[in-house]
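Everything on this sheet refers to the single structure shown next.
The values are calculated or read from the model by the stated rules, or taken from the named source; none is laboratory data. Since this is a predicted model, take the numbers as computed values, not measurements. FYI the Cβ positions are ideal-geometry reconstructions off the backbone, even for glycines, and counts take in every protein chain you see. Accessible surface areas use protein heavy atoms only, side chains included; no ligands, DNA or RNA. Shrake-Rupley method; radii C 1.70, N 1.55, O 1.52, S 1.80 Å.
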Amino acid sequence: MACHLLRKPFFPKQTAFGNQFFSSVKSFPKSSLLISGERASDTFVVVTPHLDFDERFADLPLLEDNIKRRRLDLCVPEMKDSWYFYKDWNEKRLQLQENLSGIGARISEVIKYEDSKDKKIEMENLQRHKDLLREDLQNVKKNVWSLEDTVISDLLKLPNILHSSTPDNEEQLFIFDSENIEEKNNHLEVGVKLNMLEFRNKLTYFLKNRATLFELAVPELFFNHLVMKGFIRFSNPDFARSVLAEGVGIVPNNDYSHLYLLANTEGNNDHLYLCGGASLFPFCGYHAKHSVPKQSLPLKYISSGRQYSPDIGSLPGLYSVNQSTSIQLFLATHSEDDIYRNFMCCVENLQDVFSILGLNFRIVNQPPYLLKSWESSRVSIQVFSPFHNVYVEVGSVSLIGDFISKRLRMCYSDKKVEPFLSVVSGSINIQTLLALCLERSHNDLFVPSALSTYMMK
């Protein structure tokens, strides 16, 4: 007998979960990362994310605790219900497809029989059954596609799982306080006085004279030390598409405080954003939907260039500019145990470089509510500001694991399987470091002795 699974529009009123979850849904922003079947006909599917929500919802108390510690407003039980609601509909779709294939196979058998009255009757019944199944399948498909654009897009907002080393409160791991600070100047005032800085606003400023040499010298210092640790110099593009931004963990049309939208792409669903070559996004784009040999791991890249961010700090001047010169680290390897070891190695490598610079600094393990959605843990490197009398973040190292790799299909080949890469990223902001050195300046720009050898004459 024909199976009539659906004869009315989706979200029926008698469905309890449909009432609870979907009654308030008027319009969802369309995801560029997950393209539903309905949109796949006229939208190029760049990558299909791996959906690991069965695994995520397996330990509901742990996930709820993660969300609470991050101080996020997400209803985890409701999201779990929505996931299984979607799975039920998708299983109906798969069952209908299987039934339709069975009917097609049976028709292929019966058509070979000799003509008879029984054959004619069975063929008519089979064809009628096939038509009904097709109609049911088409209706179910539409509902599955609707759920992909609503439920799954919402589930992709779930953040990364917190690492066990992430503390509830800020935890100081290391402090260097051997510097004898003699000057405590406002970096904007001393920058103008020494003719090294013309600051108009957070979007427009100009470095001059030795400040420009400082901006060029800092990357060379870090390159020199980190290349010896196995890092490879890398050059990246300055732009990222929506699919890449969402793959990293940005929420579509809601959480683009990390990126600048280019005006001529505002009318499209697939936007183009300005992120800068010294950022995480282009590295992830390089490995998206790609597999590398296991023997080539770990991958260690370092790049320098611009970084653009509308999300600025609270301190004035160079501490809060939207465009900065930065150094970006990217490391990918094959296992969670190995990635944490490499994560701590990156922290130690940067600790060595900052110790050489000789500025008072500390290394702090950040609490969950300060982490970005894709971070499992983050260690902040903060240099002391004598003028503001606070520690200011100059750099950080982030433990990401396979969160982004699952979303963008960043894999490595291991025999016949392709597991996901585990990722660490790090960043150093040169404009912030320059501001801190200007605060320590008097008659000339203060340059740490370890950096002076890299300053062009």
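Residues in the range 370-402 that are touching an Asp or Glu at 6+ places or on another chain (Cβ under 9 Å) and either open to solvent by 20 Å² or more (accessible area, probe 1.4 Å) or part of a loop (DSSP other than H, G, I, E, B) (or both): 7 in all. The set of residues in the range 230-286 that are modelled with pLDDT of 75 or more, not hydrophobic (A, V, I, L, M, F, W, C) and not in a loop (DSSP other than H, G, I, E, B) comprises 233, 241, 242, 246, 247, 260, 273, 282, 285, 286. The residues in the range 137-179 that are open to solvent by 30 Å² or more (accessible area, probe 1.4 Å), in contact with a strand residue (DSSP E or B) (Cβ under 8 Å, 6 or more places away or on another chain) and either outside any loop (DSSP other than H, G, I, E, B) or of a type in the set (Val, Ile, Thr) (or both) can be counted, and the count is 7. Taking the range 189-203 as the range and being open to solvent by 80 Å² or more (accessible area, probe 1.4 Å) and in a helix (DSSP H, G or I) as the test, the residues that pass are 189, 192, 193. Close contacts from the range 415-428, counting a first residue that is more than 25 Å from residue 219 (Cβ to Cβ) and a second that is aliphatic (A, V, I, L, M) and part of a strand (DSSP E or B), with Cβ to Cβ under 7 Å and a gap of 6+ residues or different chains, come to 420/410; 421/332; 421/410; 422/332. Of the residues making up the range 431-457, those that are among the hydrophobic types (A, V, I, L, M, F, W, C), outside any loop (DSSP other than H, G, I, E, B) and open to solvent by 10 Å² or more (accessible area, probe 1.4 Å) number 1.
Only one of the numbered conditions (1) touching a residue at least 40 places away in the same chain (Cβ under 8 Å); (2) closer than 25 Å to residue 334 by Cα is not met by residue 364, and that is (2). Within the range 312-343, the set of residues being under 16 Å from residue 396 (Cα atoms) and not in a helix (DSSP H, G or I) comprises 312, 313, 324, 325, 326, 327, 328, 329, 330, 331.
Residue by residue, here is whether (1) open to solvent by less than 10 Å² (accessible area, probe 1.4 Å); (2) within 22 Å of residue 197 (Cβ to Cβ); (3) in contact with a His (Cβ under 6 Å, 6 or more places away or on another chain); (4) modelled with pLDDT of 95 or more holds:
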site	(1), (2), (3), (4)
322	yes, yes, no, no
327	yes, yes, no, yes
333	yes, no, no, no
347	yes, no, no, yes
350	yes, no, no, yes
353	yes, no, yes, yes
368	yes, no, no, yes
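In the condition set (1) under 22 Å from residue 62 (Cβ atoms); (2) in contact (Cβ under 8 Å) with a residue 24 or more places away in the chain, residue 164 is compliant with all but (2). Could you please let me know if residue 206 is in contact with an Asp or Glu (Cβ under 6 Å, 6 or more places away or on another chain) and either within 20 Å of residue 455 (Cβ to Cβ) or buried (at least 20 other Cβ atoms within 10 Å of the Cβ) (or both)? Here the answer is yes, as residue 206 does meet what is asked. Is it the case, given these coordinates, that residue 311 is touching a helix residue (DSSP H, G or I) at 6+ places or on another chain (Cβ under 6 Å) and either open to solvent by 50 Å² or more (accessible area, probe 1.4 Å) or aromatic (Phe, Trp, Tyr) (or both)? Yes: the conditions hold for residue 311.
For (1) over 37 Å from the mean Cα position of the chain (by Cα); (2) more than 30 Å from residue 144 (Cα to Cα), each residue gets a yes or a no:
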{"site": "86", "(1), (2)": "no, no"}
{"site": "93", "(1), (2)": "no, no"}
{"site": "97", "(1), (2)": "no, no"}
{"site": "107", "(1), (2)": "yes, no"}
{"site": "116", "(1), (2)": "yes, yes"}
{"site": "120", "(1), (2)": "yes, yes"}
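Search the range 403-430 for residues being over 21 Å from the mean Cα position of the chain (by Cα) and surrounded by fewer than 23 Cβ atoms within 10 Å (Cβ to Cβ), and hand back the single one that is modelled with the lowest pLDDT.
Ranking the qualifying residues of the range 403-430, first place goes to 416.
Whether a residue is under 21 Å from residue 251 (Cβ atoms) and touching a residue at least 60 places away in the same chain (Cβ under 8 Å) was assessed, and residue 409 passes this test. Of all residues in the range 209-240, exactly one satisfies the criterion of being touching a Gly at 6+ places or on another chain (Cβ under 8 Å) and open to solvent by 90 Å² or more (accessible area, probe 1.4 Å), namely 235.
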